[in-house]
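No lab work stands behind these numbers, since they all come straight from the coordinates. Just so you know, these numbers come straight off a predicted model, no measurement behind them. So basically every Cβ, Gly included, is an ideal-geometry build from the backbone, and we count neighbours across all protein chains shown.
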Amino acid sequence: MIDWLLPVAALFLLLNLAAGLSRVARGPTAADRMLAALLFGSTTVALLLLLAEWTAQPALRDVALLFVLLATILSVAFVALPLRASRVDEGGEEDA
């Protein structure tokens with residue numbers, strides 16, 4: 001493989017993270033911020049996989065897998081949040 005391709009791809013992903021950070025700062029809605037957080041998760045996973053290949057450190061693949069699991073939990077929690085809020089607003093008791 002071309003030696004310069006992996007660092008260039010990693011730099012591109014870092015720039016992608018910077019663009020996502022601007023979206024988190026500007027908003028305007030919680031959904032925009034959540035999508036930016038999911039972008040952070042997927043971009044971080046891609047960046048870790050590139051770094052694992054570039055530096056020949058397979059432990060970074062395990063860290064990438066952990067980020068995938070955390071991003072999945074985060075997205076499920078975000079989807080369930082409006083459902084819990086609407087149950088509380090209707091006067092129903094919130095289940096623990």
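Numbers at a glance
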{"quantity": "Karplus (6.51, -1.76, 1.60) ³J(HN,Hα), θ = phi - 60°, over segment 17-25, in Hz, Gly and Pro reported as x", "calculated": "5, 5, 5, x, 5, 5, 5, 5, 5"}
{"quantity": "Pair Val24, Leu6: separation of 7 Å Cα→Cβ label points (nm)", "calculated": "2.7"}
